[in-house]
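Working notes, structure below.
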Amino acid sequence: MSNQDLKFTIGRRPFMTRALALLSSAPLLALSRGEAQAQQSSRMSAGAFDFGIIGDMPYTRKQEAEYGRVLDDINTRELAFVAHVGDMMSDPRPYERNPDSARTPCTDENYAYVLGTLQSCKHPVVITPGDNDWADVVAFKKQKMDPLERLEKVRDTFFPKGKSLGQRTMAVESQADDPAHAKFRENLAWSINGVTFATLHVIGSSDNARDADEHGPRLAANVAWVKRAFAAARANNSAGIVLISHANPGFENRWTRSYANRYARSVRGAKAPKEAAASPYDPFLDALIAEMQTYNKPVIYIHGDTHIFRIGKPLMNPKTKRFFENFTRVETFGWPDSNWVKIGVNPANPHLFEVSPEVVSGNSANYPA
């Protein structure tokens, strides 16, 4: 199977994706290189464009080679930009169990290595940090690192003022331009062909809620940045909104018990709790839901964290007890799977976004190395 074979168009359907049906029934059309280039040129002239998503890699020395192939594949494509959704290195716990398996997480040397790989990309590159990139250093037992000091190093390393990373850069706005949120230079925003984009520093491992002094201001900043993205989209009559974070914020925890029980039944022996426990992500989801209740254009939320490629409509409107049809979640591949996701923005498509999982030659999970 080539990395061009699979394409999902986001439509207004029930929350569960029709991926398996598409895979079993959709014809695969082979285009010549010239035909493919002509088709792409036609799309671009109509205001369409593509961007790439990677995340949760490289964790191990072995995955570094696969990650290199992912970047090589991305560099053969015409993309407006590439976003890395965080966790650019291993978790300290598996690293300490087997130090030969990976680079030491969160060292200056590891940050420099990752930066070099991102700078090798011919497209503009933006990142949003993950918990592995700074917060999880508290899990080290054999050495000591300060997560807040490491966070500042991440900000200094990966967020040049006013522009992206990559060989070809693009202009971006930073939340740090707002004096009320001056430290959050990692929350970025930009617009391409009438589509509003924003990154949000929401991380896995419960969003570092164990440190209330760090988590509280960052949560407030993320809520403010979400509201700003929707306000900008309304003011500019944007065709849609793209939100990019690291964390899977647990959309399912906000479902009715009926939906939660149906979801849990897919795993034999599992059972949804009578009531979902409170989550550090709840205030963030509350803000997102409130904005969605008055916004009817397409919104796509892109994340990593749980390392399962998926497309769905998981955000529930508590007023209707139904899923927002214009909100779509896309989770990209992550360790141990080394692939990427291409997302097309197509104004000719009433649903705007088209999602293609890109399976990289040489990184197949189907066969042993």
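Set side by side, the residues Asn98, Asn193, Asn187 differ, and just one is surrounded by fewer than 16 Cβ atoms within 10 Å (Cβ to Cβ) and under 24 Å from Ala233 (Cα atoms), which is Asn193.
Exactly one residue out of Ala220, Ala209 is closer than 24 Å to Pro129 by Cβ, touching a residue at least 60 places away in the same chain (Cβ under 8 Å) and surrounded by fewer than 21 Cβ atoms within 10 Å (Cβ to Cβ): that is Ala209.
Regarding the range 133-143, can at least one residue be identified that is out of contact with any helix residue (DSSP H, G or I) (no Cβ under 7 Å at 6 or more places or on another chain) and either over 22 Å from Ile244 (Cβ atoms) or part of a loop (DSSP other than H, G, I, E, B) (or both)? If you could, list the steps in order and put the result at the bottom.
Of the range 133-143, the ones out of contact with any helix residue (DSSP H, G or I) (no Cβ under 7 Å at 6 or more places or on another chain) are 143.
Right, trim to either over 22 Å from Ile244 (Cβ atoms) or part of a loop (DSSP other than H, G, I, E, B) (or both) and you get 143.
Within the range 133-143 (the criterion being out of contact with any helix residue (DSSP H, G or I) (no Cβ under 7 Å at 6 or more places or on another chain) and either over 22 Å from Ile244 (Cβ atoms) or part of a loop (DSSP other than H, G, I, E, B) (or both)), the answer is yes, since at least one residue qualifies.
Take Pro105 and tell me if it is free of Cβ contacts under 8 Å to residues at least 40 places away in the same chain and not in a helix (DSSP H, G or I). Taking the combined requirement at face value, the residue satisfies it.
To keep it simple, each residue is scored yes or no on (1) under 14 Å from His84 (Cβ atoms); (2) not hydrophobic (A, V, I, L, M, F, W, C).
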| site | (1), (2) |
| --- | --- |
| Ile308 | no, no |
| Lys313 | no, yes |
| Lys319 | no, yes |
| Phe324 | no, no |
| Arg329 | no, yes |
| Gly334 | yes, yes |
| Trp340 | yes, no |
| Asn346 | no, yes |
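Whether a residue is among the acidic types (Asp, Glu) and surrounded by 15 or more Cβ atoms within 10 Å (Cβ to Cβ) was assessed, and Asp286 does not pass this test.
Here Leu115 meets each of (1) surrounded by fewer than 22 Cβ atoms within 10 Å (Cβ to Cβ); (2) of a type in the set (A, V, I, L, M); (3) over 27 Å from Lys342 (Cα atoms) with one exception, condition (3). Figure legend. Inter-residue proximity from the range 357-369: first residues under 15 Å from Trp335 (Cβ atoms), second residues outside any loop (DSSP other than H, G, I, E, B) and modelled with pLDDT of 80 or more, beta-carbon distance below 8 Å, spacing 6+ or different chains. Indicated pairs: Val360/Glu66; Val360/Arg69; Val360/Val70; Val360/Asp73; Val360/Trp340; Asn363/Glu66; Asn363/Arg69; Asn363/Val70. If you take the residues of the range 317-342 that are free of Cβ contacts under 8 Å to residues at least 60 places away in the same chain and not in a strand (DSSP E or B), which of them is nearest to Val299 (Cα to Cα)? Restricting to residues being free of Cβ contacts under 8 Å to residues at least 60 places away in the same chain and not in a strand (DSSP E or B), the top hit is Phe324.
Condition first: more than 23 Å from Gly204 (Cα to Cα) and assigned to a loop (DSSP other than H, G, I, E, B). Can you find one or more residues in the range 51-70 that meet it? No: the range 51-70 contains no residue that is more than 23 Å from Gly204 (Cα to Cα) and assigned to a loop (DSSP other than H, G, I, E, B).
For the range 138-165, a residue qualifies if it is surrounded by 19 or more Cβ atoms within 10 Å (Cβ to Cβ) and either among the hydroxyl-bearing types (Ser, Thr, Tyr) or closer than 17 Å to Leu118 by Cα (or both), and the qualifying residues are Val154, Phe158, Phe159, Ser164, Leu165. May I ask you to verify whether Leu115 is over 22 Å from Glu331 (Cβ atoms), in contact with a strand residue (DSSP E or B) (Cβ under 9 Å, 6 or more places away or on another chain), modelled with pLDDT of 95 or more and assigned to a helix (DSSP H, G or I)? So Leu115 fits the description; yes.
Does Glu96 satisfy the condition of being at pLDDT 55 or above, more than 30 Å from Glu149 (Cβ to Cβ) and not polar (S, T, N, Q)? Before you say what the answer is, go through the steps one by one.
On the way: at pLDDT 55 or above: yes; more than 30 Å from Glu149 (Cβ to Cβ): no; not polar (S, T, N, Q): yes.
When the stated conditions are applied, Glu96 does not pass them.
Restricting to the range 232-283, and then to whatever is surrounded by 15 or more Cβ atoms within 10 Å (Cβ to Cβ) and of a type in the set (Val, Ile, Thr), can you tell me which residue is farthest from Asp136 (Cα to Cα)? Here the answer is Ile241.
The values are calculated or read from the model by the stated rules, or taken from the named source; none is laboratory data. Bear in mind that the values here come from a model prediction, so they are computed numbers and not experimental data. Note: ideal-geometry Cβ built from the backbone for every residue, glycine included; neighbour counts use all protein chains shown.
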